[in-house]
1. Full-extension gain between Lys66 and Glu126, please, as 0.36 nm times their residue separation minus the C-alpha to C-alpha distance.
2. Counting C-alpha atoms alone, how compact is region 163-275: give Rg to one decimal and Dmax as a whole number, in angstrom.
3. Do you know the relative contact order of the chain, to the nearest whole percent, from alpha carbon pairs under 8 angstrom that are 6+ apart?
4. Pick from Gln291, Gln35, Gln74: which residue has the top mean-square fluctuation in a GNM of the chain where Cα pairs under 10 Å get a spring?
5. Beyond 35 Å, what percent of the Cα pairs of the chain remain?
6. Given a Förster radius of 51 Å and the C-beta distance between Ser152 and Ser238 as r, what FRET efficiency does 1/(1 + (r/R0)^6) yield to the nearest 0.05?
7. Given R₀ = 25 Å, FRET efficiency for Asp259-Ile56 by Cβ-Cβ distance, to 0.05?
8. Expected output is a single nm value to one decimal: the length gained when fully extending between Leu160 and Thr106, i.e. 0.36 nm times separation in residues minus the C-alpha distance. What is it?
Amino acid sequence: MDLKQLEYFVRVAELGSFTRAAIALDVAQPALSRQIRLLEVELRQSLLTRNGRGAIPTEAGKLLLKHGRGILHQVDVAREELGAARGALAGRVSIGLPPSLSKLITVPLTRTFRQQLPQAQLTLTEGFSVLMHEGLRVGNLDLAVLYNSERSPELEITTLHSEELVLISRKSDDLPASVLPATHGKHQPISLAEVAELPLILPSRPNAFRILVEGEMIAIGRKPQITLEVDGLNAILSLVKEGLGHAVLPSYTLSNFDDSEPFTLRSIHNPPIMSQLMLVRSSRRPSTETQKKAIEVVKSVLLEAMKPYA
């Protein structure tokens with residue numbers, strides 16, 4: 001199996017179009033089509049279904065796409081290690097970030113990466129935990145920053161930071177009398193039992209924050225009153241701003257929102273809701289020197305960004 005043919009197939013399958021793939025790969029479209037056709041002949045299976053809107057993988061194509069990504073990743077690793085033998089930390093590092101963190105650390109992470117790994121290429125992907133785990137499994141991601149990741153033999157996990165989730169409300173919203181009024185400009189904390197009585201806007205399962213909030217409430221014999229399920233942090237905050245409910249998220253989530261003035265943050269106690277931020281990589285693939293350096297960069301940038309919220 002020719003690696004160039006495999007690369008061409010993966011790019012067409014990912015982009016869903018021969019035209020877009022030809023542009024991305026900087027090759028003529030007839031040459032691209034010919035190479036993929038040769039691959040199909042060799043494997044004696046159709047890999048792509050061509051239609052007026054583009055091309056989609058067949059069942060056989062989906063299987064090859066999964067394996068092809070892993071094979072191409074291993075080739076990249078080999079090239080990086082050979083480059084490292086010459087003393088150059090090069091190659092590509094793909095890192096997944098959760099939406100709650102992406103705006104906070106994307107710029108400092110990119111700047112630090114360029115300073116410390118000038119010959120390497122950084123790819124950042126934003127997404128929720130389920131997509132991140134799949135990306136690590138198939139080789140699309142080298143590293144991912146995740147919340148409360150479950151331990152697994154397939155994953156190497158390093159806990160970077162522990163934090164409390166807070167109640168985010170609109171300033172004018174009514175809250176239980178025990179937490180009002182604010183004293184000397186400081187907002188009174190709210191108990192978890194009182195949070196359970198409020199209309200909450202939470203992401204749908206299996207979001208890490210949703211699972212954590214539900215688990216902590218079950219532990220005290222309560223359950224959340226979910227008024228809306230929304231899978232988008234900016235959308236959640238927009239709805240909170242309109243007074244349609246309250247959110248339970250890390251305090252730095254407001255850094256994703258252009259205007260934090262309409263919001264009130266209150267700590268949750270009895271008990272607090274503690275979340276762990278983790279750096280995760282696949283234990284099935286070897287780590288290159290470039291990736292090891294990238295791990296150091298992610299740790300330092302993230303811990304620096306967390307200081308104001310400690």
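1. 19.6 nm
2. Taking only Cα atoms of region 163-275, I get Rg and Dmax of 12.9, 39 Å.
3. Details: 492 pairs, mean separation 68.7, N = 310.
This gives 22 percent for the chain.
4. Checking each option, the largest mean-square fluctuation is seen for Gln35.
5. Details: 16557 of 47895 pairs.
Looking at the chain, the distances longer than 35 Å represent 35 percent of pairs.
6. Using R0 = 51 Å, I get an efficiency of 0.90.
7. Numbers: r = 41 Å, r/R0 = 1.65.
My answer for the efficiency is 0.05.
8. On the way: separation 54, 0.36 × 54 = 19.44 nm, distance 1.68 nm.
Gain on stretching Leu160 to Thr106: 17.8 nm.
Taken together, the values in this text are just the output of simple stated rules run on the coordinates, not laboratory data. If you're wondering where the values come from, they're calculated on a predicted model, not measured in any experiment. Every residue, glycine among them, receives a Cβ derived from its backbone with ideal geometry; neighbour counts consider all protein chains shown.
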